[in-house]
Each structure stands twice: as C-alpha cells, then as structure tokens.
Amino acid sequence: MKIYTRAGDAGQTGLGDGRRVNKDAAEMEFCGTLDELNSLLGMARAEPLPEAIDAVLRRVQSELFVLGAEVTGAASACRETSALTDQDVRQLEADIDHFDAGLPRLDTFVLPGGSSSGAVLHLARAVCRRAERRLVSLLRPDAKTAAPTALAYLNRLSDLLFVLARSANAASGVEEPTWPRRHPGS
C-alpha cells in the first residue's frame, strides 16, 4: 500500500463512511486537532515520565483514535462498541482523582511550564480545549456526528492533562510556575 494516493490533491478527503468532504470541513478541522493533540501526547511520552502517567497517556492516545473514527464515520473498524462510552469518561475522572490526590492544594493559578514533560502536557491541555470547542460545532442540532459523551470525554481529558502536567512536574522535582497575581516589579 502506498502512502500517497493523490486523491486529496483537489482539496477533498475521504471519510470512513465513504463521504468525501473538503479538507477544511468541520469534521476535518476537528480530526486535525485530535491529531495534533495525539502528537503532543506522543511528545510527552518521549520525555521521562513515571510509568503510571505513561500508561494513562498510552490509553488516551488509543481512545483519541476511537473518537476521530466516530466523527469520521469509521468507528465500527476501531472496536466493538464503536464509540467512547460513559465508562471511558468515568475512567478519566478516576485518573484525575488518583493523580490529584498526591499533589499540593492549589491557591493560585498555575502557569504552563515546569519540566519539559509538564510543559508539553500543558500544551496538550490547551489543544484538547480547542478540540472540545471544535466538537461543540459538530454537536449542534443540524450536525449529525459524534455523541455527547465525546464532549464530556474531551472536557475531562483537559482536566486530566492539567493534573498530569502538575504530576509530571512534581515527579521531576521541578517547582510549578504560578501566577504571581501582581506584575513582577510592581
């Protein structure tokens, strides 16, 4: 199988359900954002991370493929249930609770940064929020793609990525940068 097909040279691409759409269609913008998010998770995994964080990110990377397949109509090829479930959302919540339990209480805003892995996870969180905004447009009443569970999943995932960024910083022994509330030098 060749990597290139030349089928997209006219600005269209094929979806899993056989439809052809413009490459700037809302579904493709969403899937491109998921691809960016998944790539950032791969970058984070390339950094030194505790095995528990790496395992969660590995699972999430697979779940993002399921979500992309759901939106493009190729979900049946991914797994039996074909879509993200409430159980997937509950697992993210359990992960959040698990990792957050070991972190100091927050009394100010955290600035993105810290260790390399923490900074990449903060960037992934921001891209996840963009994916969530893109999905909202696909869930409007006139759109016919993706289940509302997918929106809850992305919402929890961005929360998890925030907690994992903090956990990665803690595991690296790097102090979290926090917002000083006042401009430095004031």
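The values are calculated or read from the model by the stated rules, or taken from the named source; none is laboratory data. Keep in mind the model is a prediction, meaning the values are calculated, not measured. Reconstructed Cβ throughout: ideal geometry from the backbone, glycine too, with neighbour counts over all protein chains shown.
Of all residues in the range 155-178, exactly one satisfies the criterion of being of a type in the set (S, T, Y) and either free of Cβ contacts under 8 Å to residues at least 60 places away in the same chain or within 16 Å of D88 (Cβ to Cβ) (or both), namely S158. L138 meets the conditions (1) modelled with pLDDT of 90 or more; (2) within 23 Å of L40 (Cβ to Cβ) in every case but one. The failed one is (1).
Within the group A143, A165, which residue is buried (at least 17 other Cβ atoms within 10 Å of the Cβ) and either modelled with pLDDT of 95 or more or out of contact with any Phe, Trp or Tyr (no Cβ under 8 Å at 6 or more places or on another chain) (or both)? Every option except A165 fails the conditions.
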